[in-house]
Amino acid sequence: MNKTAIFYDDKGMITRIRTGPTANVEATTEESEGAYIYFDDRPDTDNKYVFGEELVAMPTQPSSDHEFDYETKQWVFNTAEAKRNKWRQIKERRDQTEIDSFTKDDRTFQSDERSQRRILSTLQMAQSDSSISIDWTLADNSTHTFTGTEFLEIGNALAAHVTACHAKSSGLRVQIEAATTQAELDAIVW
């Protein structure tokens, strides 16, 4: 016959679970100095703690930025974790915006990594000969012919687009670091 011992600390946090033949589990508990409770079957211990020698379900976690405080038996907002998560979200949004597209003179250019490499390659050609004509497919799949000089301006527009994305994320990072509450962090959006 199998048995389960749930070990827990003085705050009710489950620290260990031992399941197996009754004799083996009882031998483990005899060697242990911590508190434990027995169960005939292995109970579900996810999002639970021990209180009064009973397994108790934690309240619903408000967000991934909350951690359970075993002393108060409540979820507590973890500002440091929330800041890390917010910064990760902002960086993801920055990276996506950078590679979406940019506009120059009412024309939208793709700016994914491959398109950026193509623009930079063509920009090098235009730098060596500004009188060349370059046929370019725009984001809407229309084609337009640009002079080398115009293409230099397109390269500058791409650089300005990337720089603006990073400048915006840097400004938002300052706001994230200054935030002290969940409401302040929630208000920070791309």
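The values are calculated or read from the model by the stated rules, or taken from the named source; none is laboratory data. All values reported here derive from a predicted model rather than from experimental measurement. So basically every Cβ, Gly included, is an ideal-geometry build from the backbone, and we count neighbours across all protein chains shown. Please note that ligands, DNA and RNA were not included when accessible areas were found on the heavy atoms of the full protein model with its side chains. Shrake-Rupley method; radii C 1.70, N 1.55, O 1.52, S 1.80 Å.
Odds and ends about this structure:
- Here the accessible area is traced with a 1.4 Å probe on the protein chains. For the stretch 1-144, carbon and sulfur cover 41 percent of it.
- Cut-off under 5 Å, modelled amide H: who pairs with Ser111 long-range: Ser101, Phe102
- In the full protein context, the chain carries 62 Å² of accessible surface per residue, based on a 1.4 Å probe and ignoring ligands, DNA and RNA.
- In this structure, the residue pairs whose Cα-Cα separation is over 20 Å, taken from Lys3/Lys73; Lys48/Lys83; Lys48/Lys86; Lys86/Lys168, are Lys3/Lys73; Lys48/Lys83; Lys48/Lys86.
- Once the GluC sites (Glu not before Pro) in DSSP loops with at most 12 neighbouring Cβ atoms within 10 Å are cut out of the chain, the longest remaining piece is 72-190.
- Across the stretch 98-114, rounded Karplus estimates of 3J(HN,Hα) from the backbone phi angles (6.51 cos²θ - 1.76 cosθ + 1.60, θ = phi - 60°) give 4, 9, 5, 5, 9, 10, 9, 6, 6, 10, 9, 10, 5, 9, 5, 4, 5 Hz, Gly and Pro being marked x.
- Test item: Cα-centred dipole of the stretch 1-159, Lys/Arg +1 and Asp/Glu -1 on Cβ, debye: 420
- Over the C-alpha atoms of the stretch 68-190, the Rg to Rh ratio, Rh being the Kirkwood estimate, stands at 1.22.
- Folded to 0 to 90 degrees: helix 22-31 orientation relative to the chain principal axis, Cα: 90
- Computed E for Gln127/Asp100 - FRET, C-beta separation, R0 35 angstrom, nearest 0.05: 0.85
- Against the chain, whose longest principal axis is taken from its Cα atoms, helix 148-178 shows a tilt of about 30°.
- Residues Val76, Val50, ordered by accessible area of protein heavy atoms at a 1.4 angstrom probe radius and largest first, appear as Val76, Val50.
- Ranked by solvent-accessible area (1.4 Å probe, protein heavy atoms only, all chains present), the residues Asp69, Asp46 order from largest to smallest as Asp46, Asp69.
- The Cα center of the stretch 89-117 and the Cα center of the stretch 150-174 differ in position by 9 Å.
- Simple spin-label estimate for Thr181 and Ala80 gives 2.3 nm between the two label positions (7 Å along the Cα-to-Cβ direction from each Cα).
- Solvent exposure, largest accessible area first (probe 1.4 Å, DNA, RNA and ligands not counted), of Met58, Met13, Met1: Met1, Met13, Met58
- Extension gain for Asp69-Met13 works out to 19.2 nm (0.36 nm per residue, less the C-alpha to C-alpha distance).
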